[in-house]
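*Asks:* The structure that follows is given in the form of structure tokens.
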Amino acid sequence: MPTSLLLQNGTILAPNPDDSNDVIPLREHSLLVEGSMITRIGPHAEVQPPSPDTKVIDCSGKIVSPGFIDTHHHMWQTQLKGRHADQSLIEYMPSGNMQGGNYTAEDIFWGQLGGCLSSIDAGTTTVVDHAHMSYSAAHIENAVSATISSGIRSVFGFTPITRVKSWDPPFTMDDDLFPPWLFETFDKLAQQAPFGDGRVQLGFAMDLWFLPKEIILNIFDRINKAGVKTVTAHYLHGIYNFNGTPLPDILASYNLLGPQILLSHATLATPAAAHQLTSTGTFVSSTPETELQMGHGLPVCFRDDLKSQCSLGIDCHSNNSSDMMTQMRLALQAERSRRNQIKLDKGEIPLLKIEGTVKDVFRLATMQGARAVKMEKEIGSLEVGKRGDVVVFEGRSTGMVCAAAQDPVAAIVLHASVGDVGTVVVDGVVRKREGRLVEVAVEEGIGGSGKGRRVVGWEDVAGELVRSRREIEERVKGIDWEKALDAFLGLYKNVRDG
Ligand SMILES: [Zn+2]
């Protein structure tokens with residue numbers, strides 16, 4: 001008999017049978033998960049534990065929500081938290097994006113595990129990981145191993161990158177973009193995937209669009225043979241626009257646009273580019289917190305010509321929060337501000353109904369994310385036959401009291417914090433309970449001080465992260481960040497201008 005878990009007598013956010021874009025609160029209902037699947041949702045009095053071994057969690061007064069789906073995140077960067085407080089994208093490139101080489105493979109393990117656990121802690125059950133830290137086979141394998149260990153559901157985006165060869169002047173990049181170990185590692189992972197009872201699938205992340213067409217098409221041939229369902233790429237201004245051609249045009253000319261592609265940001269998409277993306281079923285991830293800070297432009301997730309293909313992501317938890325509640329809130333309020341300002345600028349008073357509702361943004365963080373990873377039949381909503389990816393929010397905390405009773409979706413979007421996430425279930429396994437992360441089993445074969453330790457709690461992970469951060473800071477102490485930035489901008493200009 002499979003393990004079973006009964007989330008009893010809560011307010012369940014279930015799809016509206018009359019409108020698949022909507023969720024409705026089923027009050028005093030229970031939800032049963034058997035094995036990894038949701039097998040029953042019904043009125044509290046009608047759903048009994050199927051066996052004496054069923055684990056029962058009392059959800060009275062609480063909100064039972066689908067787990068959030070974060071469609072753009074660099075999970076390895078935990079040790080860099082706090083570095084980028086006042087940085088734009090350009091400054092973040094050397095100090096964040098390109099730091100994988102200043103991590104050892106063991107640093108990657110703890111950074112990745114810390115990133116995954118922070119997401120679970122915040123109610124995220126699925127993430128698309130743009131894993132741009134490919135400095136060695138061990139870096140990549142440790143990142144995969146940490147992802148498996150954490151318990152999160154992930155599309156692990158294997159990422160060929162441009163690697164820094166020397167931070168000492170003259171700052172140089174490694175000319176060898178495809179050392180033999182890179183695709184040997186990809187092939188090895190492709191043979192073994194999926195990992196962790198199917199939770200962790202192999203995806204691909206790609207930003208090397210300046211390469212010749214044949215090389216790019218060869219890569220796509222290889223990853224398609226490996227069964228990769230999702231390929232993600234940064235789509236924004238400047239440094240990700242190497243040869244002056246907008247990314248959708250490059251993808252269109254290579255016949256690559258379509259549901260396999262998930263573009264992050266798309267903040268400067270013209271109406272024509274938006275049409276290219278929507279008409280081909282290409283997906284977009286808006287990451288409001290980094291976009292608003294780093295100079296990407298306003299989030300596009302409410303744009304009429306793009307919203308049908310949009311979802312939400314975190315991007316850099318080194319820069320900002322790891323929680324999707326914050327992303328929903330920022331996306332919604334930034335859009336309301338933009339629309340209100342148009343009226344104010346015309347001398348009008350924005351009294352009429354606001355377009356873009358809490359339910360719209362909640363959908364972006366759940367069902368739209370599921371669509372972006374082609375898993376809408378498995379995750380993204382609480383329905384019988386879907387995976388048991390479930391989050392239970394407190395209803396009577398200082399933040400949630402009354403809001404949870406009045407409008408549970410509004411409570412989550414506008415009032416909830418990470419502390420209000422009481423229980424998190426991924427694939428039927430409880431990963432957070434009574435507000436605390438559950439210990440995780442660390443895979444064997446991880447080097448350094450984690451070696452031989454089989455089970456770790458958050459306190460252990462935090463200790464390793466603090467130590468690892470200190471060691472990384474020691475390693476980068478001699479870097480002149482101003483000079484590195486200048487050198488980076490020089491190299492970028494060369495690539496952009498051919
Ligand atoms: Zn990113």
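Nothing in this text is a laboratory measurement; each read-out follows from the coordinates by a stated rule. This structure is a prediction, so every number in the text was calculated from the model and none was measured. Heads up, the Cβs are rebuilt from the backbone with ideal geometry, glycines too, and the neighbour counts pull from every protein chain shown.
*Asks:* Binning at 10 Å from 0, report for the stretch 1-152 what percent of all alpha-carbon pair distances ends up in each bin.
*Replies:* Final binned percentages: 10, 28, 25, 18, 15, 2.
*Asks:* Shifting gears a bit: Can you list residues whose amide H is under 5 Å from GLY203's amide H, if they're 5+ apart or on another chain and H is modeled 1.01 Å from N?
*Replies:* PHE156, GLY157, PHE158
*Asks:* By how many degrees, between 0 and 90 and to the nearest 10, does the Cα long axis of helix 105-121 differ from the longest principal axis of the chain?
*Replies:* Taking Cα atoms only, the helix is inclined about 30 degrees.
*Asks:* When 1/r is averaged over all different Cα pairs and the result inverted, which Kirkwood radius in Å belongs to the chain?
*Replies:* Kirkwood radius, the chain: 23.2 Å.
*Asks:* Further, regarding this structure: Between LYS188 and PHE210, what is the label-to-label distance in nm when each label sits 7 Å out along the Cα-to-Cβ direction?
*Replies:* Simple spin-label model gives 3.0 nm for this pair.
*Asks:* Here's another thing I want to ask about it. Within 10 Å, count the other beta carbons around each residue, average over each peptide in 306-319, 199-212, 413-426, 62-75, and list them highest first.
*Replies:* 62-75, 306-319, 413-426, 199-212
*Asks:* Can you give me the angle between helix 481-496 and the longest principal axis of the chain, using Cα atoms only, in degrees from 0 to 90, rounded to the nearest 10?
*Replies:* 80 degrees
*Asks:* Students often check this: by mean Cβ neighbours within 10 Å, which of 143-152, 124-133, 272-281, 163-172 ranks highest, and how do the rest follow?
*Replies:* Ranked from most to least packed, the peptides come out as 124-133, 143-152, 272-281, 163-172.
*Asks:* If you don't mind, there's one more thing I want to ask. Alpha carbon centre of the stretch 135-173 versus the stretch 4-78: separation in Å?
*Replies:* Using only Cα atoms to place each centre, the spacing works out to 35 Å.
*Asks:* Another question about this same structure. Relative to the present Cα-Cα distance, how much length would full extension add between ILE90 and GLU434 at 0.36 nm per residue of separation?
*Replies:* Gain in length upon complete extension: 119.8 nm.
*Asks:* Something else now. Describe numerically, in nm with one decimal, the distance between label points set 7 Å from Cα along Cα→Cβ at TYR254 and at VAL466.
*Replies:* 4.5 nm
*Asks:* Let me ask something else. Report, in listed order, any pair from LYS81/LYS229; LYS81/LYS477; LYS307/LYS386; LYS188/LYS229; LYS307/LYS343 with a Cα-Cα distance greater than 19 Å.
*Replies:* As for pairs spanning more than 19 Å Cα to Cα, those are LYS81/LYS229; LYS307/LYS386; LYS307/LYS343.
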